[in-house]
Amino acid sequence: MDTTKTPAQNAAEADTTPVALDKTETARPAEAEADTAVTDEVTDADLDDEALADDEAEGREPSHVGSAAFAIVAAGLGVVALSGSWVAGIVSERASIAGRLELPQAADANAQIAAQFVDPWHTTAMVNGIFSALALIVATFVLALPAFSSPERTLPTWVRSVSWAGIGLGALGVLLFVLMYFDLLLAIPKAAGAGA
């Protein structure tokens, strides 16, 4: 009997090709270098995007929302001061009632006029003068605000226009306050033939 073994036909043939170790060893560092290069590119791209966003944020104009809101408030206060407000009406009615309560029964006509007309008139003038002064202060603050911030910062044209309108309305309201409070606009009515 023959004792030499023959390989089975179905058995897989052993791979006898030599493996190049230097190729496999250098492939891994090449892949690592490629990964590092991609990572560096991504990092540089991210940094470039962040720098661009910072530059855009620095170059962008401020929104001026606060200045615009204060300018509109100033103009609104000026309109309220000229047209009257419910605060002025309430204070005027209170002054009228207080004048009537303090008026003696035997008061002459001029004292009644002073208690029922002059005091409420002056009180209304005072309240409207306060609103006018507030409008003037707020509008001036809005226009002066860029002077206290960066020198290149300027307000939009419409904000400046509304602020100037607030200053005009406030100045007119203050002028009317002075004319009303000191009875320069309309003279106090006098009763004819009232006792001295």
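The values are calculated or read from the model by the stated rules, or taken from the named source; none is laboratory data. No experiment lies behind these values; they were computed from the predicted model shown. As a convention, Cβ positions derive from the backbone with ideal geometry for all residues, glycine included, and neighbour counts pool all protein chains shown. Calculation scope for accessible area: heavy atoms of the full protein, side chains included, ligands and nucleic acids excluded. Shrake-Rupley method; radii C 1.70, N 1.55, O 1.52, S 1.80 Å.
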Quiz item: What list of ³J(HN,Hα) couplings, whole Hz, do you get for the stretch 93-106 from phi and the Karplus terms 6.51, -1.76, 1.60, once you set θ to phi - 60° and write x for glycine and proline?
Solution: 4, 5, 5, 5, 5, 5, x, 5, 5, 7, 6, x, 5, 8
Quiz item: Using a simple spin-label model with points 7 Å from Cα along the Cα→Cβ vector, what separation in nm is obtained for residue 184 and residue 86?
Solution: 3.3
Practice problem: Place a +1 charge on the Cβ of each Lys and Arg in the stretch 93-180 and a -1 charge on the Cβ of each Asp and Glu, then give the dipole magnitude about the Cα centre in debye, rounded to the nearest 20. | Solution: 320
Quiz item: Let a ≥ b ≥ c be the square roots of the eigenvalues of the Cα gyration tensor of the stretch 64-196; is it rounded (a/c under 1.5), or, if not, prolate (a/b larger than b/c) or oblate?
Solution: prolate
Quiz item: When the Karplus curve 6.51 cos²θ - 1.76 cosθ + 1.60 is applied with θ = phi - 60°, which whole-Hz ³J(HN,Hα) does each residue of the stretch 68-81 get, with x for Gly and Pro?
Solution: 5, 5, 5, 5, 5, 4, 4, 5, x, 4, x, 5, 5, 5
Quiz item: On the accessible surface of the stretch 76-196, probed at 1.4 Å, how many percent belong to carbon and sulfur atoms?
Solution: 70
Quiz prompt | Volume per residue that the Cα convex hull of the stretch 140-188 spans, once the total is divided by residue count, Å³ | solution = 62
Quiz item: At a Förster radius of 22 Å, what calculated FRET efficiency corresponds to the Cβ-Cβ distance of residue 154 and residue 175, to the nearest 0.05?
Solution: 0.15
Self-check item: Segment residue 141-residue 108, length gained on full extension (0.36 nm per residue, minus Cα span)
Solution: 7.0 nm
Exercise. Starting from the stretch 59-134, pick out the trypsin sites (Lys or Arg not before Pro) whose DSSP state is loop and whose Cβ has at most 16 other Cβ atoms within 10 Å.
Key: 60
Quiz item: When only C-alpha pairs under 8 Å and at least 6 residues apart count, what is the relative contact order of the stretch 80-196, in percent?
Solution: 34
